[in-house]
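Asks: Quick one: this structure, given as structure tokens, is what I'll be asking you about.
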Amino acid sequence: MRCIYLFILVLAVGCSSSDKKTNDLASVPQPTPGQSFKKEPALKLSEVKDFYVQGIATNSPALMDETIDRYSAEELAQLSGDSDPLLGISIYCSKGDFDRAFSLAAKNYDRYYKVPQYWNQIANCHLGQGSERKALLFYNKALETSPEYIPALNNIGVLYSRSNQDQKALVAFERAYKQSKFAKTPRYNLAKLYLSYGLAELALPLFTGLSEGFPNDIDLLNGVASSHYLMSNYQKAWSYYQKIPQDHWKSPEIGLSLAVTLARLNKKPYALKVFENVSSPKSEALRDYYNSVQKNLGAN
């Protein structure tokens with residue numbers, strides 16, 4: 001049995017989900033009435049950092065300096081954007097506090113309107129609300145201020161992936177990756193997209209390159225293991241699955257392919273044990289995969 005699971009992409013963009021949706025275009029944030037007429041000088045791109053804080057323990061440390069999406073809810077609670085308005089906007093949006101995020105954006109318009117990070121964060125918030133048209137508008141605004149701004153290019157790819165426009169997503173991810181081979185997030189997202197179509201030969205070197213600097217990153221270990229699994233390199237896949245702490249094996253994204261790998265290595269009793277501990281999948285694609293693995297293993 002060889003099942004190719006079309007991975008549900010959890011792509012790296014700092015935003016959260018919301019049921020609130022709207023189709024009208026957003027206006028550019030402006031200072032609220034009553035604010036001082038004295039404008040602060042606008043910052044330049046070189047004066048604004050483009051990395052998140054580090055030092056918080058995480059299972060997925062590889063991208064934590066490029067996107068807040070890698071932080072858990074508990075880790076997110078430890079972050080504060082009091083001294084960094086752009087980080088504050090991202091934190092509030094990740095927590096679903098969009099009103100506070102947009103209020104902070106408006107308050108800091110005069111200082112940040114010339115830098116792409118500002119527009120990128122606003123776009124992420126709109127994407128988190130499910131407002132894809134608004135998000136695309138502001139990602140393009142970020143690119144107007146800096147035509148090759150990698151995070152905006154990457155996040156446009158995320159936007160297209162979320163709307164099942166994978167060809168457009170591929171173009172955006174590849175463009176972002178070509179702009180900087182050192183940017184980790186586009187590489188990760190590109191590898192995930194390749195893997196979702198079973199293109200393990202293309203995904204593997206990207207995952208491997210990233211994992212060399214972060215050997216304990218759970219997502220990267222799973223990416224390398226999954227690539228070997230899809231290439232029928234089951235012994236190699238097993239060697240990487242073993243590096244993932246066993247409490248993560250209950251995740252369907254890891255445990256299902258691991259169970260198949262073990263079955264292929266004639267370790268069926270172990271495969272059944274792993275499968276029995278896999279959590280019930282929430283997505284339809286994962287449920288179909290779960291049922292397929294269950295049937296082929298002969299599990300109850």
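The values are calculated or read from the model by the stated rules, or taken from the named source; none is laboratory data. Given the structure is predicted, the values throughout are model-derived calculations rather than measurements. So basically every Cβ, Gly included, is an ideal-geometry build from the backbone, and we count neighbours across all protein chains shown. Calculation scope for accessible area: heavy atoms of the full protein, side chains included, ligands and nucleic acids excluded. Shrake-Rupley method; radii C 1.70, N 1.55, O 1.52, S 1.80 Å.
Asks: Give me the pairs, please: first residue somewhere in segment 251-280 and within 17 Å of Tyr240 (Cα to Cα), second residue anywhere and part of a helix (DSSP H, G or I) and open to solvent by 40 Å² or more (accessible area, probe 1.4 Å), beta-carbon distance under 7 Å, and either six or more positions apart or on two chains.
Replies: Pairs found: Pro252/Tyr290; Ile254/His248; Leu256/Tyr290; Leu262/Tyr270; Leu265/Gln235.
Asks: Ok, one more. Let me spell it out: the conditions are (1) out of contact with any Ser or Thr (no Cβ under 8 Å at 6 or more places or on another chain); (2) part of a loop (DSSP other than H, G, I, E, B); (3) surrounded by 15 or more Cβ atoms within 10 Å (Cβ to Cβ); (4) of a type outside the set (Phe, Trp, Tyr), and Gln294 meets all of them except one. Which number is the exception?
Replies: Of (1) out of contact with any Ser or Thr (no Cβ under 8 Å at 6 or more places or on another chain); (2) part of a loop (DSSP other than H, G, I, E, B); (3) surrounded by 15 or more Cβ atoms within 10 Å (Cβ to Cβ); (4) of a type outside the set (Phe, Trp, Tyr), only one is false for Gln294: (2).
Asks: Name the residues in segment 169-200 that are touching a residue at least 24 places away in the same chain (Cβ under 8 Å), open to solvent by 50 Å² or more (accessible area, probe 1.4 Å) and assigned to a loop (DSSP other than H, G, I, E, B), would you?
Replies: Matches in segment 169-200: Tyr197 only.
One line per residue, one yes/no per condition, for (1) basic (Lys, Arg); (2) open to solvent by 70 Å² or more (accessible area, probe 1.4 Å); (3) modelled with pLDDT of 95 or more:
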| site | (1), (2), (3) |
| --- | --- |
| His228 | no, no, yes |
| Tyr234 | no, no, yes |
| Tyr240 | no, no, yes |
| His248 | no, no, yes |
| Ser251 | no, no, yes |
| Leu262 | no, no, yes |
| Lys268 | yes, yes, yes |
| Phe275 | no, no, yes |
| Glu284 | no, yes, no |
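Asks: Pairs, please: C-beta under 7 Å, at least 6 apart or cross-chain, first residue over 9 Å from Leu256 (Cα atoms) and in segment 286-300, second open to solvent by 20 Å² or more (accessible area, probe 1.4 Å) and part of a helix (DSSP H, G or I)?
Replies: What qualifies is Leu297/Ala263; Leu297/Leu272; Ala299/Leu272; Ala299/Glu276.
Asks: Being without any contact (Cβ under 8 Å) to a residue 24 or more places away in the chain and either of a type in the set (Phe, Trp, Tyr) or crowded, with 24+ Cβ neighbours inside 10 Å (or both), is that true of even one residue in segment 105-127? Explain how you work it out, then say what you get.
Replies: Keep residues of segment 105-127 that are without any contact (Cβ under 8 Å) to a residue 24 or more places away in the chain, which gives 108.
Add one more test, that the residue is either of a type in the set (Phe, Trp, Tyr) or crowded, with 24+ Cβ neighbours inside 10 Å (or both), and what stays is none.
No, the conditions are met nowhere in segment 105-127.
Asks: If I filter segment 201-221 down to residues being part of a helix (DSSP H, G or I) and touching a residue at least 24 places away in the same chain (Cβ under 8 Å), which single residue comes out as surrounded by the fewest Cβ atoms within 10 Å (Cβ to Cβ)?
Replies: Glu201
Asks: Considering segment 66-104 alone, what residues qualify as being at pLDDT below 90, acidic (Asp, Glu) and exposed (fewer than 15 other Cβ atoms within 10 Å of the Cβ)?
Replies: Result: Glu74, Asp82.
Asks: Then there's this: Kindly list the number of the only condition in (1) part of a helix (DSSP H, G or I); (2) over 26 Å from Gly157 (Cα atoms); (3) among the β-branched types (Val, Ile, Thr) that fails for Val224.
Replies: (2)
Asks: Please indicate, with yes or no, whether at least one residue in segment 142-161 is open to solvent by 50 Å² or more (accessible area, probe 1.4 Å) and more than 26 Å from Arg111 (Cβ to Cβ).
Replies: no
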